[in-house]
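To start, the structure under review is shown below, and the notes come after it.
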Amino acid sequence: MTSPSGNDERKPGFLPIETNWFDRLFISVVIWVALSLFWMRFIEPFGLSVWFAAAISAALGAYLVWKG
């Protein structure tokens with residue numbers, strides 16, 4: 001939303017650093033890879049598919065890009 005002074009300032013999100021949408025997308029991809037590797041090593045041997053990790057990562061990534 002544009003302020004009356006013409007500045008397009010974004011309200012800061014929950015991340016402790018200043019980011020743009022691409023930074024938040026990159027962080028989401030890194031989290032996706034890390035969670036998938038963790039899942040394949042520790043969780044998948046118990047029978048839960050890596051697709052669960054993909055769904056969790058997609059939801060977390062969408063939230064991070066939108067609100068972060």
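Rolling a 1.4 Å probe over the heavy atoms of the protein chains gives segment 21-65 an accessible area of 72 Å² per residue. Dividing the summed -39500 (n - 2.57) terms of all DSSP H runs of n ≥ 4 by the residue count of the chain sets its mean residue ellipticity at 222 nm at -18000 deg cm²/dmol. Here the gap between PHE52 and LYS11, fully extended at 0.36 nm per residue and compared with their Cα-Cα distance, gives a gain of 11.6 nm. Full extension of the segment from ARG41 to VAL29, taken as 0.36 nm per residue of separation minus the current Cα-Cα distance, would add 2.5 nm.
For THR19, no residue 5 or more places off, or on another chain, has a built amide H under 5 Å of its own. Projecting the Cα atoms of PRO45, SER57, ILE17 onto the charge dipole of the chain, computed from C-beta unit charges around the Cα centre, puts PRO45 farthest toward the positive end.
Its Cα gyration tensor gives the chain an equivalent ellipsoid. The semi-axes, each the square root of 5 times an eigenvalue, are 34, 10, 7 Å from largest down.
Share of carbon and sulfur in the accessible area of the chain stands at 71%, probe radius 1.4 Å.
The values are calculated or read from the model by the stated rules, or taken from the named source; none is laboratory data. A quick note: this is a predicted structure, and the numbers were derived from the prediction, not measured. Neighbour counts run over all protein chains shown; Cβ positions are idealised from the backbone, glycine included. Quick note on the areas: whole protein, heavy atoms, side chains included, nothing else; ligands and nucleic acids left out. Shrake-Rupley method; radii C 1.70, N 1.55, O 1.52, S 1.80 Å.
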